[in-house]
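Asker: Structure incoming, see below.
The values are calculated or read from the model by the stated rules, or taken from the named source; none is laboratory data. None of the values given here were measured: they were computed from a predicted structure. Every residue, glycine among them, receives a Cβ derived from its backbone with ideal geometry; neighbour counts consider all protein chains shown. SASA here: full protein model, heavy atoms, side chains in, ligands and nucleic acids out. Shrake-Rupley method; radii C 1.70, N 1.55, O 1.52, S 1.80 Å.
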Amino acid sequence: MFILPWMKVNAAEENESYDDRYCTTCHGADGRGNYGVQAPRLAGMEPWYLQRQLENFRAGLRGVHLSDIEGIAMRPMAAKLTDESIADIIEWVGSWDYVPAEITIEADAGRGAQLFAQCATCHGADGLGNETLGAPALRGQNDWYLVTQLKNFKQGWRGNGDGDTFGQQMMVMTQMLTDDAAINNVVSYINTLGRD
Amino acid sequence: MTRFVTRREFLNLVGAVGGSSAALRAGSALGLLPVTKTAKALDLFALGTNSKKVAILGGGLAGLTVAYELGKRGYECTILEASHRCGGRVFTVRNGDLIDEIGNRHYCEFDDEPHMYFNGGAARIPSFHNNLLAYCKELDVELEVFVGENNNAYFQDDAVLGGKPVRIKDYKTNVRGFLGEMLAKSMSEQEMNEPFTELEAENLLSIIHSFGDLREGGEYTGSSRSGYETGGFTTHGVQKDIIEFRDLLKSRLGGRIMTASEGEQGPPLLQAKDGMDNIIAGFLRVVGQEVKYRAMVSAINVTNDGVEISYDQDGVRHSLNVDYCFNCIPTHLITGLDHNFPADYVKAMKYVRRGDAYKAAFQAKERFWEKEDIYGGITRMNNRSSSIWYPSGGIHKDKGVILAAYNFQGGLYHTNKTQEERIESHIKDGEKVHPNYRSLVEKPVTIAWHRMNHMLGCAARWNRSRSGWTAEEQLMFDTLQKPVNGRHYVIGDQITVHVAWMESAIQSAHWAMEDLDKRVRAELA
Ligand SMILES: Cc1cc2nc3c(=O)[nH]c(=O)nc-3n(C[C@H](O)[C@H](O)[C@H](O)COP(=O)(O)OP(=O)(O)OC[C@H]3O[C@@H](n4cnc5c(N)ncnc54)[C@H](O)[C@@H]3O)c2cc1C
């Protein structure tokens, strides 16, 4: 085939189509999380929690505070999703296996266990979450991401939006984590859960 | 209160830093330019009857270079490219093209004509990037001059002359006049007794005079270098008024204007005719059959005698087993793949940060800049859009495509805005230079590299401090440059110390292939 030099010689086809299944560019292969983009694991996430977060991002309840750098990166990714797309994505994410994330934070898990006693009321002693209370599973999630979230809740960068009742509950809970060390301790305890 | 510094005090200040001769030498800081000698002819072993399989992850320029060179030597190459197109950051947009910015996908609506294109990534080729230029020649990629420096383009800063655009020639001529006068006076007063002989001093004075276009006695009284107010052809020219140096000093942009066209961005610059991606097309004319598009790598497993790769294409997971693997996927995306890389290798990848360059372009309904004596070149503004680039090609046609914004360091500012907000910001900024801008431009495209699918960055950032690389950073770099098991190579400009140039992507590929070559020769010997 003769191709004029200015034509799209290197495109696979004309007028490229696209879909909304672009999440793995950031969230890593099979949604296992990617430190390089600070995007957490999605594989194994509860459908109800995934849906709520996508809706929160879309509605501007999350990822809007100027200091919430990572949330700001995620929000436009959800801003244009339709309900149908969200349903499709939930099905897609459901096809990925739960694989606990690599451990990158090691602190005092013993102290963390004491702190976690409170968290367990909502997130469960095994960190498996509780749908009735709206609290997601924490076990096996990327530890660096959990740290960001606890800091963001504590600063009011997440959970402060109008009508974000679940986020507000969690915001209150972070007040017991008095400093970074406490945050690292509780996260390193969460790292011990759900490893098999 | 502003405290005024007299010329003498200023000279004393300069002197206090390094003495006059050192101050004169300070201008040679451009020695930072990397040296590329003549293009290297790669001396790689041809396999002959032996067979070796190679997987190339990412169809960027580095990957294509490997496919091209190893293909010549009988290696069997497969290129896995996640996107619908090859070229990565060599990206030219034309009519109908998809700009795959996740969260803000849009199609380019420029008129469908050869000169109506925009280089959203690489746009300039310095004339000493020899390996790149050699490939252009070898692959029949037509080149033309890229006009970067244009003294008729503008400089605009709200802080200067009420925001009125000033021609770059007026800016430079007046700055040089002032600096020249200052130097000339200080020379005659101080007699410059020490470091110069009489002849040297005389010659220096003459350089200073011509630098500033000074009158007898070292006075700067204006110059015809920036053109005349009126006349100059059939009637005698009337000189323009001097712009008060203090007015020009109100801008923080000064250093940028005086050095914008130096070094790697200095003339002569080149570009591929009708769009930089013609370089990619040149490679694809040879290796195009080896590319699998929309084939997204998901796993890399390095074994003792090869590499096992998984990739997704058309919703199906495929696997590919090869002897060697060359990987130009950006490191911040490699970290999200399944892999079995050693810990120090992963540590290095996690350390590298990604840049956030941002570009935007408009189609212009008419070539309004040509009516202002501008043919190509760059207007520089002290605002977030930062630059307007006028096209080097398509001269005197009806329409053209102009770059409306280029923010290399602070691109997140526009990236974090909606498409509408981005465009409005560029129009507002451009209106300060071209009053009817709003009605003259249409069909915008914006390219936020931080969010471009399968890229998510404009270039790797290795060193965190402005003062250079730490020993630890160098160590991580060295670790990542070396192959894992002699099987898996990270390539691309990301694994050079001179990121964000095509030449660097090519040289990284050459480095890796030469390393491979030693191993293959040893094995087959
Ligand atoms: C704004 C901007 C301006 C620039 N200006 C210039 C200039 O004027 N002159 C110049 O010489 N250079 C310039 N550059 C730099 C030049 O474009 C790059 O250095 C060069 O193109 C890098 O090539 P590469 O092969 O290293 O990587 P890339 O081009 O980044 O290629 C990486 C490839 O990997 C693919 N990929 C990603 N993930 C996967 C996956 N999971 N599976 C398969 N494939 C994947 C991507 O789609 C992409 O094609 C500029 C760059 C930018 C962004």
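Asker: In the calculated pair distance distribution of chain A, what percentage of Cα-Cα distances lie above 27 Å?
Answerer: 32
Asker: Do you know the relative contact order of the range A:149-196, to the nearest whole percent, from alpha carbon pairs under 8 angstrom that are 6+ apart?
Answerer: Relative contact order here is 29 percent.
Asker: Can you give me the relative contact order of the range B:165-250 as a percent, contacts being Cα pairs under 8 Å and 6 or more apart?
Answerer: Relative contact order here is 35 percent.
Asker: Give me the one-decimal Kirkwood hydrodynamic radius in Å for chain B, with the sum taken over alpha-carbon pairs.
Answerer: It is 25.7 Å.
Asker: Mind checking the range B:203-297 for GluC sites (Glu not before Pro) that DSSP puts in a loop (not H, G, I, E or B) and that have at most 12 other Cβ atoms within 10 Å?
Answerer: B:GLU244
Asker: Here's something else I'd like to know. Quote the FRET efficiency, to the nearest 0.05, computed for A:THR121 versus A:ALA87 with a Förster distance R0 of 35 Å and r equal to the Cβ-Cβ distance.
Answerer: Efficiency for this residue pair is about 0.65.
Asker: Using 11 Å as the cut-off for backbone N distance, which residues of the range B:254-275 belong to the label zone defined by a point 7 Å from the Cα of B:VAL145 along Cα→Cβ?
Answerer: Answer for this model: B:267-270.
Asker: Along Cα→Cβ, 7 Å out, is where each label goes; now give me the distance between the ones at B:HIS106 and A:ILE103 in nm to one decimal.
Answerer: Reported label-point gap for B:HIS106 and A:ILE103 is 4.8 nm.
Asker: Please get the size of the charge dipole for the range A:26-94, origin at its Cα centre, with Cβ charges of +1 on Lys and Arg and -1 on Asp and Glu, quoted in debye to the nearest 20.
Answerer: 240
Asker: Kindly rank B:43-50, A:140-147, B:394-401, B:204-211 from highest to lowest mean number of other beta carbons found within 10 Å of each residue.
Answerer: A:140-147, B:394-401, B:204-211, B:43-50
Asker: To continue, here is another question. Just to confirm, what accessible area per residue do you get for the protein assembly as shown at 1.4 Å probe, in whole Å²?
Answerer: In whole numbers, the protein assembly as shown has 47 Å² accessible per residue.
Asker: For the ranges B:311-318, B:55-62, what's the packing order if you count other beta-carbon atoms within 10 Å of each residue, average per peptide, and put the highest first?
Answerer: Highest mean packing first, the order is B:55-62, B:311-318.
Asker: Give me the lysines in straight-line cross-link reach of B:LYS172: C-alpha distance below 21 Å, same-chain residues under 8 apart excluded.
Answerer: Here the lysines satisfying the reach criterion relative to B:LYS172 are B:LYS164, B:LYS185, B:LYS240, B:LYS250, B:LYS432.
Asker: Name the lysines eligible as straight-distance cross-link partners of B:LYS72: C-alpha to C-alpha under 30 Å, and not fewer than 8 places from it in the same chain.
Answerer: A:LYS8, B:LYS37, B:LYS40, B:LYS52, B:LYS53, B:LYS137, B:LYS273, B:LYS292, B:LYS482, B:LYS518
Asker: Something else now. Given Cα pairs under 8 Å that are at least 6 residues apart, what percent is the relative contact order of chain A?
Answerer: That works out to 22 percent.
Asker: If you stretched the chain out fully between A:GLU55 and A:TRP144, how much longer would it get, using 0.36 nm times the residue separation minus the C-alpha to C-alpha distance?
Answerer: 29.7 nm
Asker: If you count, for every residue in B:335-346, the Cβ atoms of partner chains within 10 Å of its Cβ, what is the mean?
Answerer: 3
Asker: Mind putting a number on the dipole of chain B about its Cα centre? Charges go on the C-beta only, +1 for Lys and Arg and -1 for Asp and Glu, and I need it in Debye to the nearest 20.
Answerer: It works out to roughly 880 debye.
Asker: With the alpha-carbon atoms as the only input, what is the per residue convex hull volume for the protein assembly as shown in Å³?
Answerer: Once divided by residue count, the hull of the protein assembly as shown is 213 Å³.
Asker: May I ask for the accessible area buried between chains B and A, both sides summed, probe 1.4 Å, to the nearest 100 Å²?
Answerer: Counting protein atoms only, the buried area is about 3000 Å².
Asker: Which of the lysines could be linked to B:LYS443 by a straight reach, that is with a Cα gap under 17 Å, when you skip same-chain ones fewer than 8 residues away?
Answerer: Filter leaves B:LYS359, B:LYS365, B:LYS399, B:LYS428.
Asker: If we count every other residue with Cβ under 11 angstrom of A:MET170's Cβ, Lys/Arg +1 and Asp/Glu -1, where does the sum land?
Answerer: So the environment of A:MET170 carries a net charge of +1.
Asker: While we're here: For B:MET452, what is the net charge nearby, where nearby means another residue's Cβ is under 10 Å from its Cβ and Lys, Arg count +1, Asp, Glu -1?
Answerer: 0
Asker: As a test of reading the structure, rank A:GLU70, B:GLU101 by solvent-accessible area (1.4 Å probe, protein chains only), most first.
Answerer: A:GLU70, B:GLU101
Asker: Ignoring ligands, DNA and RNA, what percent of the accessible area of the range A:109-193 is carbon or sulfur (1.4 Å)?
Answerer: The nonpolar share, carbon plus sulfur, comes to 53 percent.
Asker: What figure, in Å² to the nearest 10, do you get for the accessible area of B:LEU42 with a 1.4 Å probe and non-protein molecules left out?
Answerer: 20
Asker: Given the Cα-Cα distance of B:PHE245 and B:ASN203 and 0.36 nm per residue of separation, how much length would full extension add, in nm?
Answerer: Working it through step by step, the gained length comes to 12.5 nm.
Asker: Under 1.5 on a/c is rounded, so check that first for the range A:26-94, then, if it is not, pick prolate when a/b is larger than b/c and oblate when it is not; a ≥ b ≥ c are the square roots of the alpha carbon gyration tensor eigenvalues.
Answerer: Oblate is the answer for the range A:26-94, as a/c is 1.5 or above yet b/c matches or exceeds a/b.
Asker: Next question, about the same structure. For A:ARG62, what charge total do you get from the other residues with a beta carbon under 13 Å from its beta carbon, if Lys and Arg give +1 and Asp and Glu give -1?
Answerer: -1
Asker: Tell me which of A:CYS122, A:VAL187, A:MET173 sits at the most positive position along the dipole axis of the range A:109-193, charges placed on C-beta atoms (Lys, Arg +1; Asp, Glu -1).
Answerer: A:VAL187
Asker: Heavy atoms only, probe 1.4 Å: what % of the accessible area of the range A:26-94 goes to carbon and sulfur, would you let me know?
Answerer: Roughly 56 percent of what the probe reaches on the range A:26-94 is carbon or sulfur.
Asker: Another question, then. Put one equal scatterer on each alpha carbon of the range A:109-193, apply the Debye formula with no solvent term, and list log10 I(q)/I(0) at q = 0.13, 0.15, 0.18 1/Å to two decimals.
Answerer: Debye curve over Cα of the range A:109-193, log10 I(q)/I(0) at q = 0.13, 0.15, 0.18 Å⁻¹: -0.36, -0.48, -0.71.
Asker: What order, most packed first, do the peptides B:440-447, B:71-78 have when packing is the mean number of other Cβ atoms within 10 Å of each residue?
Answerer: Highest mean packing first, the order is B:440-447, B:71-78.
Asker: Quick check: the distance between the Cα centres of the range B:402-429 and the range B:302-331, to the nearest angstrom?
Answerer: The range B:402-429 and the range B:302-331 have Cα centres spaced 37 Å from each other.
Asker: Please report the carbon-and-sulfur percent of the accessible area for chain B; probe 1.4 Å, protein heavy atoms only, DNA, RNA and ligands left out.
Answerer: Here it works out to 51 percent.
Asker: Here is a follow-up. Just to make sure I understand: if all protein chains stay in place, what is the order of B:LYS169, B:LYS52 by accessible area at 1.4 Å, largest first?
Answerer: B:LYS169, B:LYS52
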